[in-house]
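Participant: Take a look at this one; I'll ask things after.
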Amino acid sequence: MTDPGAAPAPAPSVAEHRARVLAGAGALARTERVPLTAALGRRLAADVVATLAVPPFDHSAMDGFAVRTADLGALPAELPVTGVVAAGDDVVPLGEGAAVRIMTGAPVPPGADVVIPFEWTTGADPVRIERAAAPGRHIRREGEDVGAGEIALRAGTRLGPAQLGLLTSVGATEVEVRVRPRLAVVSTGAELVGGQVPDSNTPTLLAAGRAAGSDASAFGPAPDDPQRFLALLQAAADAADVVVTTGGISAGDHDVVKAALRERDGFWFGPVAMKPGRPQGCGVLVASDGRRVPVVTLPGTPIAAYASFLLYVVPLLRTLAGTPWEPVTAPLAEAVTATDRTVLLPARHVENGRIAALPGHAGHSQRLLAAADALLVVPPSARLVPEGTPVEVLALHPEEEPHG
């Protein structure tokens, strides 16, 4: 029995709540095949084996003359020019004791073992070669980068521009990739349903979820009626891999999320030692197909909802996508005031990779947040956090954040 006179248990820390949200999460097993044109930013689900060699044939790395080293003898050497070959041409023969004028990217004639750059010759016919090169110089050999049948890229590789270029060169037109996690956002509140207050949380979190690599959809706003809310929540869980709710988790009379879910096994609601965003919650719903779908319940205040999403939901989405995730830090450009709980402050990056908090009221100002490019996660402390201290940074432009 709880002692009514006992001091309340301390609120869990940001790290403890993040661990609670991530508990049991792992990469989704589903995969899909997509064309290379739709694969940017995706992560490979299987190795890609080259069907074409890179380069696909021996070709010249220079504009010059293809010759046999044995035909040069003592320098300077003079050889008749028996042909010209450019990139895209068919291979031309090379007679003994002769040279072929060759352009960069053109196929090297059989028997030629060196390309002499134009600058080392007279460039006329017959060509006078003033300077020699070692056999193999200025020739790129078939398969020297990637051989046909070799693994070009391993499963787990994140596909950026360079990776897509390589895949095209090895003959791939589509690839098997891990699915994007499906995110459902359910905002709550009669004031949103009735239109008295614009629902800024939904577009903010949909955008943040998409930037974090998910396919995000809205399933709200939901009314302040537990049964109608639960029906909408179940529909969201059936369609998603993660469900996020906003609002309805404090101690008020109309906190529908908490009222509907607090008696369910596996759900937790309570304060977290952070500002803004003290009320938090999470749990798991079972979808109609038997999947266990994480549910993260966030506060309804826009700044608190967005900050909480970056703290807890983005790491969850990255985990489900199979993307390595760890906190990103930056040194403080100037000292900041700490409290007995984690404080989230709008900030901007400044010189030398440092970051500085923006002046103003950080708890509720959407204008201040819109002027920032990051949130500082200032840890609890009994004193100022000194200049130069590394602190966790939540990117407000997630495309600039490393994705692993």
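The values are calculated or read from the model by the stated rules, or taken from the named source; none is laboratory data. None of the values given here were measured: they were computed from a predicted structure. Glycine also receives a Cβ, built like all others from the backbone with ideal geometry; neighbour counts cover every protein chain displayed. The area values use the complete protein model at the heavy-atom level, side chains included, leaving out ligands, DNA and RNA. Shrake-Rupley method; radii C 1.70, N 1.55, O 1.52, S 1.80 Å.
Participant: Using a 1.4 Å probe, what is the accessible area per residue for the chain, in Å²?
Facilitator: 47
Participant: To continue, here is another question. Starting from the Cα of L384, step 7 Å along the direction of its Cβ; do the same at L52; then give the gap between the two resulting points in nm.
Facilitator: Reported label-point gap for L384 and L52 is 6.2 nm.
Participant: Still on this structure, please answer the following. For the range 244-351, what ratio Rg/Rh do Cα atoms give with a Kirkwood hydrodynamic radius? Working shown, then result.
Facilitator: Details: Rg = 16.1 Å, Rh = 15.7 Å.
Reported Rg/Rh (Cα atoms, Kirkwood Rh): 1.03.
Participant: Can you give me the long-range amide H partners of A374? Hydrogens built in the peptide plane at 1.01 Å from N, cutoff under 5 Å, separation of 5 or more residues or another chain.
Facilitator: Answer set, sorted by chain and number: A347, L396.
Participant: For the range 40-56, take each phi angle, set θ = phi - 60°, evaluate the Karplus expression 6.51 cos²θ - 1.76 cosθ + 1.60, and give the result in whole Hz per residue in order, putting x for glycine and proline.
Facilitator: Couplings: 4, x, 7, 10, 4, 9, 8, 4, 10, 9, 5, 8, 10, 6, 10, x, x Hz.
Participant: To continue, here is another question. Whole-Hz ³J(HN,Hα) for each residue in the range 106-121, computed from phi via Karplus 6.51 cos²θ - 1.76 cosθ + 1.60 with θ = phi - 60°, x for glycine and proline: what do you get?
Facilitator: For the range 106-121, the Karplus curve yields 7, x, 6, x, x, x, 6, 10, 7, 10, 9, x, 3, 4, 9, 9 Hz.
Participant: Using a Gaussian network model of the chain whose springs link C-alpha atoms within less than 10 Å, name the residue from W120, W268, W325 with the highest mean-square fluctuation.
Facilitator: Taking springs between Cα atoms under 10 Å, the residue moving most is W120.
Participant: Tell me whether the range 298-376 comes out rounded, prolate or oblate; compute the Cα gyration tensor, take square roots of the eigenvalues as a ≥ b ≥ c, and use a/c under 1.5 as the rounded threshold.
Facilitator: On the way: a/c = 1.87, a/b = 1.25, b/c = 1.49.
Note, shape of the range 298-376 comes out oblate.
Participant: Quantify, in whole percent, the carbon and sulfur part of the accessible surface of the chain (1.4 Å probe; protein heavy atoms only). Can you show the working numbers first?
Facilitator: On the way: 10130 of 19140 Å².
Looking at the chain in its full context, I get 53 percent from C and S.
Participant: Quick one: which residues, 5 or more positions from E78 or on another chain, have an amide H under 5 Å from its amide H? H modelled 1.01 Å from N in the peptide plane, none for Pro or chain starts.
Facilitator: Result for E78 returns I129.
Participant: I'd like the Karplus ³J(HN,Hα) series for the range 233-248: coefficients 6.51, -1.76, 1.60, θ = phi - 60°, whole numbers in Hz, and an x wherever there's a Gly or Pro.
Facilitator: Whole-Hz 3J(HN,Hα) from phi for the range 233-248: 5, 5, 4, 5, 5, 5, 9, 9, 9, 9, 10, 10, 10, 10, x, x.
Participant: I've got another one for you. Starting from the 7 Å offset along Cα-to-Cβ, what nm value, one decimal, do you get for the label separation of E326 and R33?
Facilitator: 3.7
Participant: In a Gaussian network model over the chain where Cα atoms closer than 10 Å are linked, find which of A106, A66, A77 has the largest mean-square fluctuation.
Facilitator: For the chain, modelled as a Gaussian network with Cα springs under 10 Å, the answer is A77.
Participant: For P(r) over Cα pairs in 10 Å bins from 0, in percent, the listed values are (1) 5, 23, 33, 26, 11, 2, 0; (2) 5, 20, 26, 23, 17, 8, 2, 0; (3) 5, 18, 20, 17, 12, 9, 9, 7, 3, 1, 0; which was obtained by calculation from the structure presented?
Facilitator: Answer by label: (3).
Participant: Can you tell me, using C-alpha contacts under 8 Å and at least 6 residues apart, the relative contact order of the chain as a whole percent?
Facilitator: 16
Participant: So what is the relative contact order of the range 1-154, in percent, for Cα pairs below 8 Å that sit 6 or more residues apart?
Facilitator: 30
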